[in-house]
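The structure appears right after this line, and notes come after that.
The values are calculated or read from the model by the stated rules, or taken from the named source; none is laboratory data. Keep in mind that this is a model prediction, so the values were computed, not measured. Note: ideal-geometry Cβ built from the backbone for every residue, glycine included; neighbour counts use all protein chains shown. The accessibility values were calculated without ligands, DNA or RNA, using every heavy atom of the protein model including side chains. Shrake-Rupley method; radii C 1.70, N 1.55, O 1.52, S 1.80 Å.
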Amino acid sequence: MDDNDNTAETREETIAELNAALAELEGGEGLSLFVGGHGFMSRRFEFSWSEPALEIDFRLPYARVLSDEESQKDDDAEIGAAIRMAILLLTIEDRRNDDGGMALNVWVNENGAGYSIRDGQDELVDSGDDWSGLVHRLESVLPEGEEDLAVIWP
C-alpha cells in the first residue's frame, strides 16, 4: 500500500491484511499477500506505507527456491519480523496523539534495516542502522495502560 491519504479505517484494514499475511507465513501455507516479483529468485515481500508522520518501506526476498532450506527459513523469519513491526507501527500511529510533527521513516531490505525520526522542522532526532534502538524507543513511549500492545523482539 502506498497512499498519502491513509485514514484510521485504512490503517485498520491494512493491519488486518498484515495479520492475515503473518498467519499465512506462520501456517506454512506460503505468502500470497504483499508478494511481488516473479521467477525463482526474484520474488519479494513488499510493503510500503506513506503518510506525513509514518513512512514504511519493506522489501525482502521471498521464496528463493534455489536457496537452501535454512536460508528460506531465515527469509521467512525476517519477513515475519517485518510484518510484526509494520503492525506495531500502524497500531501506534492509530493511537498516538499529535507530537509536534514528528515523522518516522522505517525500512528494511536484503542489505539491512534502519529508521530515522525527524521533528517538525525536519531535523534529525534519532536514527539507527538496525531496529533495536527503535524498539527501545517505542517501548518507552507507549502510553500508560496499553496492556494490549507489547513489543516483542528477538
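Would you pick out the residues in the stretch 45-77 that are farther than 26 Å from N105 by Cα and either of a type in the set (S, T, N, Q) or surrounded by 18 or more Cβ atoms within 10 Å (Cβ to Cβ) (or both)?
Of the stretch 45-77, the ones farther than 26 Å from N105 by Cα are 63-73.
Hits for the stretch 45-77 are A63, S67, S71, Q72.
Return yes when L90 is at negative phi, of a type outside the set (G, A, S) and either open to solvent by 60 Å² or more (accessible area, probe 1.4 Å) or out of contact with any Ser or Thr (no Cβ under 8 Å at 6 or more places or on another chain) (or both) and no when it is not. In short, no.
Residue check: is V135 without any contact (Cβ under 8 Å) to a residue 40 or more places away in the chain, touching a Phe, Trp or Tyr at 6+ places or on another chain (Cβ under 6 Å) and over 19 Å from G37 (Cα atoms)?
Yes.
Within the stretch 130-154, take every residue that is surrounded by 16 or more Cβ atoms within 10 Å (Cβ to Cβ) and within 24 Å of P61 (Cβ to Cβ) and give me the one that is modelled with the lowest pLDDT. Only one residue tops the list, namely V135. Can you find a residue that is crowded, with 16+ Cβ neighbours inside 10 Å, at pLDDT below 90 and among the polar types (S, T, N, Q) anywhere in the stretch 7-23? Looking through the stretch 7-23, none of the residues is crowded, with 16+ Cβ neighbours inside 10 Å, at pLDDT below 90 and among the polar types (S, T, N, Q). Total residues in the stretch 24-35 satisfying the condition of being at pLDDT 95 or above and open to solvent by 50 Å² or more (accessible area, probe 1.4 Å): the figure is 0.
Annotation note: of S127, S42, the sole residue that is open to solvent by 30 Å² or more (accessible area, probe 1.4 Å), polar (S, T, N, Q) and either touching a Gly at 6+ places or on another chain (Cβ under 8 Å) or assigned to a strand (DSSP E or B) (or both) is S127. Might you check whether a residue that is within 13 Å of the chain's Cα centre (by Cα) and in contact (Cβ under 8 Å) with a residue 24 or more places away in the chain occurs anywhere in the stretch 61-72? No, that holds for no residue. Screening V108 with (1) part of a loop (DSSP other than H, G, I, E, B); (2) open to solvent by less than 80 Å² (accessible area, probe 1.4 Å); (3) at pLDDT 80 or above gives one miss only, at (1).
Is it the case, given these coordinates, that A103 is open to solvent by less than 60 Å² (accessible area, probe 1.4 Å), within 22 Å of L138 (Cβ to Cβ) and touching a Pro at 6+ places or on another chain (Cβ under 9 Å)? Step through it out loud before you land on a result.
On the way: open to solvent by less than 60 Å² (accessible area, probe 1.4 Å): yes; within 22 Å of L138 (Cβ to Cβ): yes; touching a Pro at 6+ places or on another chain (Cβ under 9 Å): yes.
So A103 fits the description; yes.
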